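What follows is one structure encoded as structure tokens, with my remarks underneath.
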Amino acid sequence: MVQTFRGPVQPDQLGSTLVHEHVFVGSPELDLNFPHPEWEPDTAVDRAVTALTRLRDLGVRTVVDLTVLGLGRDVARLVPVAERAPVHLIASTGYYTADVLPPFFRTHGPGLLVDGPDPLIEFFLHDIEEGIAGTAVRAGMLKVVTDEEGITEDVARVMTAAAVAAQQTGVPITTHSRPALRNGLDQQAFLQKRGVPLDRVVIGHSGDTEDLTYLRVLMDAGSTIGMDRFGMEHVLPDERRVATVLALLRLGYADRMVLSHDAACFSRVTPPSWRAAHAPHWRFENLPTRVVPMLLAGGATEDELHQMTVVNPARLLTPHPKRTS
Ligand SMILES: [Zn+2]
């Protein structure tokens, strides 16, 4: 069974799935002390329900929210969204940091001032097995980050904890990668060395590159690649993202790609006014209304689209406990 905000769901009930999205991206400390002028907490839930309802009307049945710590995860705020929105919403756990963790982690852990087991492991496992922050909502995916800073000491700590949690629970890992640096390869090497089967790893943001050789190496090693930033045309135009997917489909990789936007109902990192001006297609409905027609016009088949939007996400989201590579 796959854990969602409203409880466990059979994998074959997930339907068309967006595997990498965000409902609300914030920053608790900034929100408390320096609230963003465009953030309207009173209407945020209604707006999110409207956006997710529109998705349902367009055929999407499941949305994975990859808003983990570091991005202002607030599951209690999402519970009323999930109760009213006619899609399965899946929560995630992990830590979004490209370099360092908060000071708490400097003093808590094996051999540190407040000596004990790494709290990250306990935290990830609790989120997956018990529930997040006092709610009954269990995480269905893990998220880790590596970027320009490489696998720093703290990033390694997050990835190690995620590897332990992934093996113990069978929940998949999605990464934030920087394809220009080809660092999905570093992520694969690190996670594989710690026992994570690479077919349980999604190398996220892979659609930011057109380097087919690199992408094929990632997939040939077993991973699925996240073509998960459709609409982020300030990074790469959708026409070129589509061309990359089409090229890989022609090479037979339909079973190793998933499609999403990495969009948000609200993000204070790139607020609505900025998105409207600079990335107008960076919205939940971009795939069903614009990208899927482009893929079909370019020669993708309905079967291939079903594979990438239904079959692959269900395979990934179905926990595979106690497996090691
Ligand atoms: Zn994201």
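Every number here is computed from the coordinates shown, using simple stated rules; none is lab data. In this text, all values refer to a predicted model and were calculated from it rather than measured experimentally. Cβ placement follows ideal geometry from the backbone for every residue including glycine, while neighbour counts extend to all protein chains displayed.
Count the net charge of all other residues whose Cβ sits under 15 Å from the Cβ of Arg77, scoring Lys and Arg as +1 and Asp and Glu as -1.
Net of charged neighbours comes to -3.
So for each of 248-260, 160-172 I average, over its residues, the number of other beta carbons within 10 Å; can you give me the resulting order with the highest mean first?
Working: 248-260: 19.6, 160-172: 22.8.
Peptide ranking by packing, descending: 160-172, 248-260.
Counting DSSP beta bridges with both partners in the chain, what percentage is antiparallel, nearest 5?
10 percent
In the chain, which longest range has no GluC sites (Glu not before Pro) that are both DSSP loop (not H, G, I, E or B) and surrounded by at most 12 other Cβ atoms within 10 Å?
Working: sites that count: Glu38, Glu130, Glu148.
Within the chain, the longest run free of exposed GluC sites (Glu not before Pro) spans 149-325.
For the stretch 25-93 and the stretch 251-271, what is the centre-to-centre distance using only Cα atoms, to the nearest Å?
16 Å
The stretch 97-166 to the stretch 172-199: how many Å between their Cα centroids?
16 Å
Please list, ordered by chain and number, the residues whose modelled amide H lies under 5 Å from the amide H of Gly109; skip anything fewer than 5 residues away on the same chain.
Counting only residues 5 or more places away or on other chains, the set is Val114, Gly116.
How would you order 134-141, 110-117, 39-46 from highest to lowest mean count of nearby Cβ atoms within 10 Å?
With the highest mean Cβ count within 10 Å placed first, the list reads 134-141, 39-46, 110-117.
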